[in-house]
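**Q** Dropping a structure here in structure tokens format, bear with me for questions.
The values are calculated or read from the model by the stated rules, or taken from the named source; none is laboratory data. Predicted model, so just to flag it, every value in this text is computed and none were measured. Because the Cβ atoms are built from the backbone with ideal geometry, glycine has one as well, and the counts that use them run over all protein chains shown.
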Amino acid sequence: MELTGAEIVVRCLQEEGVEYVFGYPGGAVLFIYDELFKQDRVKHVLVRHEQGAVHAADGYARSTDKVGVSLVTSGPGVTNAVTGIATAYMDSIPHVVITGQVPTHAIGLDAFQECDTVGITRPCVKHNFLVKDVKDIALTMKKAFYIAATGRPGPVVVDIPKDVTNAKAEFNYPASIEMRSYNPVVKGHPGQIKKAIQALMKAKRPMIYTGGGVVLGGAAEELARLVRLLGFPCTNTLMGLGAFPATDRQFLGMLGMHGTYEANMAMQHCDVLLAIGARFDDRVIGNPKHFFAEPRTIIHVDIDPSSISKRVKVDIPIVGNVRDVLRDLIRHLDAAKEQPDREALKTWWTQIELWRSRDCLKYDRASAIIKPQYVIEKLYEVTKGEAFVTSDVGQHQMWAAQFYKFDKPRRWINSGGLGTMGFGLPAAMGVQLAHPGAAVACVTGEASVQMCIQELSTCKQYRLPIKVVNLNNKYMGMVRQWQEFFHGNRYAESYMDALPDFVKLAESYGHTGMKIEKPADVEPALKEAFARKDELVFMDFITDQTENVFPMVPGGKGLSEMILV
Amino acid sequence: MRHIISVLLENEAGALSRVAGLFSARGYNIESLTVAPTEDSTLSRMTVVTVGSDEVIEQITKQLNKLIDVVKVIDLSDGDHIERELMLVKVRAVGKDREEMKRMADIFRGRIIDVTDKDYTIELTGTGSKLDAFLKALDRGAILETVRTGASGIGRGERVLRV
């Protein structure tokens, strides 16, 4: 029996076991919406702006190991979605974005709501397709999900002209797929793995540095085994938090621009560095010249060959799926007769503990004004470290990363690569839908949250009991901090004048609002908010306007050149 | 250093723009780029001439390999290879120049492929430097128009790029 293109699209989603599609209707996708309406296996979540749709699907994907799916119309639907697509691309999030396109006969004629979707999205997708024949939809959708989820994951856009969704074809969904031009490497090279083991055994001052690849690769258990087996210190990047338990003694905290003193010092002074699923980016190693000044042997495990020796020359590259490579490393270690140099390790740990005793994250706990760090500490306590925490971008993001101790992967959901303000709230919607009943907190600031504030309406429609933790310092805090440090205290346009009354705003969307102004009220407010299990509670914490994020590696400086509190 | 990179890619709409977009997005140089379908019409073969340090070239080949439409990539400059470029030059051919142009074309083993009473069109094939030398040898004022294809390259002997 022949089906329409729109029916085929929906059947493909069903075949892929898609639970939720996040989207917004419009002219070019009306046939697809009509088919979604006629079935109830794939649920649609109506957002209030296409950026929100993509972020929500992104949050869904990050907090599960599934592919996020969003659906938007042509033209402005696509351009609104681009920020979300670029966000997913920078953080390698598996995602399929279905976009409507004007009918094939109108393409290129500047038709109403036409844009060159494939052209606009090309630099920020893993791959994209324009489907011009209804017979190609099923195979293209299969490829899209396969490409999005395998290798180094990423977003894939499938652009479908309106007439193609109304044309008819037989539906056959391929059970599996092979592409001669796309074969991600899985197993690490055995020779390289042996070399890595030898280097690790000889290390006097070893360090393990891991990133988002461990989370995405589902290798947290393997990482924990490896780190404990070796007895080495471990640090995570912003994207990698939760891959190794933050409460473990071997964890040195996050590294990088706002990383801990001990993590950055150990990173700078180690003699053997094992990097796993991380990419040595500018926010992590600071000035590369300064980083190279100390000689060290670098072992780099990554599924993407182009991540290796991109910013930092690597001595022992291992291309492969992180989980498979870690299992191979563990197997070799179990069988090895040699042991790591325990004597040297003891000395190294003594040095690290000295760095750790610097207590780089200390802040004024006696303050009469609410300190943002205090709010995050209390959030951690009240949720017993079990919450899913999404964030926007800025100071609040760094404090959440520093002070919420993530023991499990996929609990910390933030836009690390692109640094997208407005990500937190819609991402939290996707997380909450993926984990009904779980505590989901969106840590945000008064500037970021206003970039996608309209999604409070979506939260009401789908009864999503997210807890918004708004650290309100009336400034774009990170911008203000840079202006204080590097621009002579001239706070150019970083002051948020004319803020809304967030309590009334939350109430007008049908939610509960709270304003918290005293440190003593922080914990009770959080307790009350999380006790309201079925409600979205918007907590507006009025925090210290002058607080800065420390430690800080200023731009262009080396990792060990931190500004400390 | 100058490198000549051969790419075998799916003959799909947009495949060329993915490669061109990659070079501009990452700030890599393109000296020339040629592309056409191969004997297997589902595949295109591209030759890119680029300049960069070893690190940059390594990244270029890795990034090219990462493109979903790309099937295989080799850096021809890693070994023995042949490269050729085609140029068409329209020159003024009147008076004493008419004989001179014919002679120059013969010396460089070019062929005159179009003739009018005022001009010749000369076809010339060779390495880029040979084509440069030919243009240099001509009186600049006599050159009316030139068009060059950019280099195509192939490995010598048993060095073969195929699926």
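**Q** Out of (1) away from every other protein chain (no Cβ under 14 Å); (2) within 32 Å of the chain's Cα centre (by Cα); (3) surrounded by 15 or more Cβ atoms within 10 Å (Cβ to Cβ), what's the single condition that is false for A:GLU353?
**A** Unmet for A:GLU353, out of (1) away from every other protein chain (no Cβ under 14 Å); (2) within 32 Å of the chain's Cα centre (by Cα); (3) surrounded by 15 or more Cβ atoms within 10 Å (Cβ to Cβ): (3).
**Q** Could I ask something else about it? Just one of (1) closer than 17 Å to A:TYR60 by Cβ; (2) buried (at least 23 other Cβ atoms within 10 Å of the Cβ); (3) of a type in the set (A, V, I, L, M, F, W, C) trips up A:MET398, so point out which.
**A** (1)
**Q** Only residues that are among the small types (Gly, Ala, Ser) and either touching a Leu at 6+ places or on another chain (Cβ under 6 Å) or not in a loop (DSSP other than H, G, I, E, B) (or both): list them for segment A:235-263, please. Write out each step before concluding.
**A** First, the residues of segment A:235-263 that are among the small types (Gly, Ala, Ser): A:240, A:242-243, A:246, A:253, A:256, A:259, A:263.
The answer is A:GLY240, A:ALA243, A:GLY253, A:ALA263.
**Q** For segment B:134-148, what are the residues that are exposed (fewer than 14 other Cβ atoms within 10 Å of the Cβ) and either within 19 Å of B:THR116 (Cβ to Cβ) or under 21 Å from the mean Cα position of the chain (by Cα) (or both)?
**A** The initial filter retains those residues of segment B:134-148 that are exposed (fewer than 14 other Cβ atoms within 10 Å of the Cβ), namely B:136-137, B:139-141, B:143, B:145, B:147.
Within segment B:134-148, B:LYS136, B:ALA137, B:ASP139, B:GLY141, B:ILE143, B:GLU145, B:VAL147 meet the criteria.
**Q** Give the number of residues within segment B:118-156 that are farther than 27 Å from B:ASN11 by Cβ and assigned to a loop (DSSP other than H, G, I, E, B).
**A** Matching residues across segment B:118-156 total 4.
**Q** Among the residues of segment A:100-117, write down those that are β-branched (Val, Ile, Thr), farther than 12 Å from A:ILE85 by Cβ and free of Cβ contacts under 8 Å to residues at least 60 places away in the same chain.
**A** Within segment A:100-117, the first condition is being β-branched (Val, Ile, Thr), and the residues that meet it are A:102, A:104, A:107, A:117.
Filter once more, keeping what is farther than 12 Å from A:ILE85 by Cβ: A:102, A:104, A:107.
Passing the criteria: only A:ILE107.
**Q** Here is a follow-up. I'd like to verify a number: residues in segment A:132-143 that are within 11 Å of chain B (Cβ to nearest Cβ) and surrounded by 18 or more Cβ atoms within 10 Å (Cβ to Cβ), how many?
**A** First, the residues of segment A:132-143 that are within 11 Å of chain B (Cβ to nearest Cβ): A:132, A:143.
Adding the requirement that they be surrounded by 18 or more Cβ atoms within 10 Å (Cβ to Cβ) leaves A:143.
Within segment A:132-143, residues that are within 11 Å of chain B (Cβ to nearest Cβ) and surrounded by 18 or more Cβ atoms within 10 Å (Cβ to Cβ) number 1.
**Q** Turning to a different aspect of this structure: Working carefully through the options A:VAL164, A:VAL118, find the one that is in a helix (DSSP H, G or I), within 29 Å of A:PRO76 (Cβ to Cβ), over 23 Å from the mean Cα position of the chain (by Cα) and within 14 Å of chain B (Cβ to nearest Cβ). Outline the logic, then answer.
**A** On the way: A:VAL164 fails: within 14 Å of chain B (Cβ to nearest Cβ).
Going through A:VAL164, A:VAL118 in turn, the sole match is A:VAL118.
**Q** Now for a different question. Evaluate the following for B:ILE74: is it β-branched (Val, Ile, Thr) and farther than 30 Å from A:CYS124 by Cα?
**A** Values: β-branched (Val, Ile, Thr): yes; farther than 30 Å from A:CYS124 by Cα: no.
No; evaluated as a whole, the condition is false for this residue.
**Q** Still on this structure: Name the one entry in A:ASP407, A:ASP392 that is among the charged types (D, E, K, R) and surrounded by 24 or more Cβ atoms within 10 Å (Cβ to Cβ). Let's see the steps before the verdict.
**A** Numbers: A:ASP407 fails: surrounded by 24 or more Cβ atoms within 10 Å (Cβ to Cβ).
Testing whether each residue is among the charged types (D, E, K, R) and surrounded by 24 or more Cβ atoms within 10 Å (Cβ to Cβ) leaves just A:ASP392.
**Q** For segment A:397-404, state whether one or more residues are more than 20 Å from A:LEU255 (Cβ to Cβ), out of contact with any Asp or Glu (no Cβ under 7 Å at 6 or more places or on another chain), assigned to a loop (DSSP other than H, G, I, E, B) and in contact (Cβ under 8 Å) with a residue 24 or more places away in the chain.
**A** First pass over segment A:397-404, keeping only residues more than 20 Å from A:LEU255 (Cβ to Cβ): none.
The answer is no; no qualifying residue exists.
**Q** Could I ask something else about it? Out of all the residues in segment A:121-154, which are over 30 Å from the mean Cα position of the chain (by Cα) and free of Cβ contacts under 8 Å to residues at least 12 places away in the same chain? Write out each step before concluding.
**A** Going through segment A:121-154, the residues over 30 Å from the mean Cα position of the chain (by Cα) turn out to be A:132-136.
A:ASP136, the sole residue that qualifies.
**Q** On to the next question. Considering only residues that are buried (at least 17 other Cβ atoms within 10 Å of the Cβ) and either within 21 Å of A:MET562 (Cα to Cα) or polar (S, T, N, Q) (or both), which ones fall in segment A:282-302? Let's see the steps before the verdict.
**A** Filtering segment A:282-302 for residues buried (at least 17 other Cβ atoms within 10 Å of the Cβ) gives A:283-287, A:290-291, A:296-302.
Listed by number, the residues that qualify are A:ARG283, A:VAL284, A:ILE285, A:GLY286, A:ASN287, A:HIS290, A:PHE291, A:ARG296, A:THR297.
**Q** Based on what the data block shows, is A:LEU252 of a type in the set (A, V, I, L, M), within 19 Å of A:MET552 (Cβ to Cβ) and in contact with a helix residue (DSSP H, G or I) (Cβ under 8 Å, 6 or more places away or on another chain)?
**A** Values: of a type in the set (A, V, I, L, M): yes; within 19 Å of A:MET552 (Cβ to Cβ): yes; in contact with a helix residue (DSSP H, G or I) (Cβ under 8 Å, 6 or more places away or on another chain): yes.
Yes, satisfied.
**Q** Looking for whichever is over 27 Å from B:LYS62 (Cβ atoms), aromatic (Phe, Trp, Tyr) and either surrounded by fewer than 24 Cβ atoms within 10 Å (Cβ to Cβ) or away from every other protein chain (no Cβ under 13 Å) (or both) here; the options are A:TYR146, A:TYR182, A:TYR173. Which one fits? Please lay out each step first, then the result.
**A** Details: A:TYR146 fails: over 27 Å from B:LYS62 (Cβ atoms); A:TYR182 fails: over 27 Å from B:LYS62 (Cβ atoms).
A:TYR173 is the lone residue from the list that is over 27 Å from B:LYS62 (Cβ atoms), aromatic (Phe, Trp, Tyr) and either surrounded by fewer than 24 Cβ atoms within 10 Å (Cβ to Cβ) or away from every other protein chain (no Cβ under 13 Å) (or both).
**Q** Among all residue pairs at least 6 apart or on different chains, which show Cβ distances below 7 Å where the first residue, located in segment B:137-152, is closer than 18 Å to B:ILE5 by Cα and the second is among the small types (Gly, Ala, Ser) and assigned to a helix (DSSP H, G or I)?
**A** Listed by first residue and then by second, the contacts come to B:ALA151/B:GLY128.
**Q** In contact (Cβ under 8 Å) with a residue 60 or more places away in the chain and in a helix (DSSP H, G or I), is that true of A:ILE208?
**A** Values: in contact (Cβ under 8 Å) with a residue 60 or more places away in the chain: yes; in a helix (DSSP H, G or I): no.
Taking the combined requirement at face value, the residue does not satisfy it.
**Q** Restricting attention to helices (runs of 4 or more DSSP H) lying wholly within segment A:446-565, give those where 1 or more residues are over 30 Å from A:VAL21 (Cα atoms). Break it down stepwise before answering.
**A** Details: elements: A:455-461, A:477-486, A:502-508, A:519-531.
Filter on segment A:446-565 gives A:477-486, A:502-508, A:519-531.
**Q** Scan segment B:118-136 for residues that are under 24 Å from B:VAL94 (Cα atoms) and in contact (Cβ under 8 Å) with a residue 12 or more places away in the chain and jot them down. Don't jump to the end; show me each part of the working.
**A** Applying the first criterion (under 24 Å from B:VAL94 (Cα atoms)) to segment B:118-136 yields B:118-124, B:131-136.
Residues satisfying the conditions are B:LYS118, B:ASP119, B:TYR120, B:THR121, B:ILE122, B:GLU123, B:LEU124, B:LEU131, B:ALA133, B:PHE134, B:LEU135.
**Q** Something else now. When only residues in segment A:185-222 that are of a type in the set (Val, Ile, Thr) and away from chain B (no Cβ under 14 Å) count, which is farthest from A:ALA275 (Cα to Cα)? Before the answer, list the steps.
**A** If we filter segment A:185-222 for residues that are of a type in the set (Val, Ile, Thr), which is where we start, we get A:185-186, A:193, A:197, A:208, A:210, A:214-215.
Filter once more, so that each one left must be away from chain B (no Cβ under 14 Å): A:186, A:193, A:197, A:208, A:210, A:214-215.
Working: A:VAL186: 17, A:ILE193: 13, A:ILE197: 13, A:ILE208: 6, A:THR210: 6, A:VAL214: 10, A:VAL215: 14 Å.
Looking at the filtered set, the residue picked out is A:VAL186.
**Q** Something else now. Can you tell me which residue in segment A:366-381 is surrounded by the fewest Cβ atoms within 10 Å (Cβ to Cβ), limited to those that are part of a loop (DSSP other than H, G, I, E, B) and either in contact with a helix residue (DSSP H, G or I) (Cβ under 7 Å, 6 or more places away or on another chain) or not charged (D, E, K, R) (or both)? Explain how you work it out, then say what you get.
**A** Step one: list which residues in segment A:366-381 are part of a loop (DSSP other than H, G, I, E, B), which gives A:366-369, A:371.
Now narrow it down to the ones that are either in contact with a helix residue (DSSP H, G or I) (Cβ under 7 Å, 6 or more places away or on another chain) or not charged (D, E, K, R) (or both): A:366-369.
Values: A:ALA366: 6, A:SER367: 14, A:ALA368: 9, A:ILE369: 16.
The extreme case among them is A:ALA366.
**Q** Before we move on, is A:VAL301 at pLDDT 95 or above, closer than 25 Å to A:GLY555 by Cβ and more than 19 Å from the chain's Cα centre (by Cα)? Even if it seems obvious, please write down each step before you answer.
**A** Details: at pLDDT 95 or above: yes; closer than 25 Å to A:GLY555 by Cβ: no; more than 19 Å from the chain's Cα centre (by Cα): yes.
For A:VAL301, the condition - at pLDDT 95 or above, closer than 25 Å to A:GLY555 by Cβ and more than 19 Å from the chain's Cα centre (by Cα) - is not met.
**Q** Also, quick follow-up: Test of understanding: among A:VAL97, A:VAL158, which residue is touching a Pro at 6+ places or on another chain (Cβ under 7 Å), assigned to a strand (DSSP E or B) and either without any contact (Cβ under 8 Å) to a residue 40 or more places away in the chain or of a type outside the set (Phe, Trp, Tyr) (or both)? I'd like the intermediate steps shown before the answer.
**A** Working: A:VAL158 fails: touching a Pro at 6+ places or on another chain (Cβ under 7 Å).
Only one candidate passes the filter, namely A:VAL97.
**Q** Please give the number of the condition A:LYS310 fails out of (1) over 30 Å from A:GLU547 (Cα atoms); (2) crowded, with 19+ Cβ neighbours inside 10 Å; (3) modelled with pLDDT of 95 or more.
**A** It fails just one condition, (3).
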